[in-house]
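What follows is a single structure, written as structure tokens, with notes after it.
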Amino acid sequence: MREDPAVSSGQSTRPVRIVIADDDPLFGRMVQAQLSERAEFEVVGLAANGLEAIMLTQELEPDLVLLDVSMPVLDGIDAARIIRQGRRPPSVVLVTGEDDASDARAYEAGAAAYVRKTGDIVPLMEAILTVSQLALPLR
């Protein structure tokens, strides 16, 4: 049996800590439930708007923040820009349910991925997995 290099070197692995911000509580809980089924993820906070996401990010220091683009108080793109300027900036995945052309704005704000909400959660889960693996190889 081959050992995991992180375990054999004495490093402990921990789940990727995630904050989810979406003004649709049903969508947020659905994503939380999907992520909670995987041992490599831990949802540490839920926010209903961009300002709450910023405050939770500062308080909880997650590894990744999932932000809806269209939220009240402060939208996801502006929240991403502020979050990415923090002391220990997490990776950001932006999601949208609208057919607007925010792609360029999302990446300019520091997003590692930009995903459209569809009836299929698989593309979002794949984006979260990819971003967490690329940005956090030595958790």
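The values are calculated or read from the model by the stated rules, or taken from the named source; none is laboratory data. The structure presented is a predicted model; accordingly, all values stated were derived computationally and were not measured. All Cβ positions, glycine included, derive from the backbone under ideal geometry; neighbour counts span all protein chains shown.
Here are some notes:
- Filter result for the condition that a residue is of a type in the set (Asp, Glu), over 22 Å from Val16 (Cα atoms) and surrounded by 18 or more Cβ atoms within 10 Å (Cβ to Cβ), over Asp68, Asp75, Asp103, Asp63: Asp75
- Residue list for region 50-76, filter: out of contact with any strand residue (DSSP E or B) (no Cβ under 7 Å at 6 or more places or on another chain) and in contact (Cβ under 8 Å) with a residue 24 or more places away in the chain: Leu51, Ile54, Gln58, Glu61, Pro72, Val73, Leu74, Asp75
- Evaluation of Glu126 against (1) modelled with pLDDT of 90 or more; (2) surrounded by 17 or more Cβ atoms within 10 Å (Cβ to Cβ); (3) not small (Gly, Ala, Ser) (one fails), failing number: (2)
- Some residue of region 115-132 being touching a helix residue (DSSP H, G or I) at 6+ places or on another chain (Cβ under 6 Å) and farther than 20 Å from Phe27 by Cβ: no
- Per-region count, region 97-133, residues more than 13 Å from the chain's Cα centre (by Cα) and β-branched (Val, Ile, Thr): 3
- Residues that are under 12 Å from Ala106 (Cα atoms) and within 11 Å of the chain's Cα centre (by Cα), drawn from region 67-95: Leu67, Asp68, Ala80, Val92, Val93, Leu94, Val95
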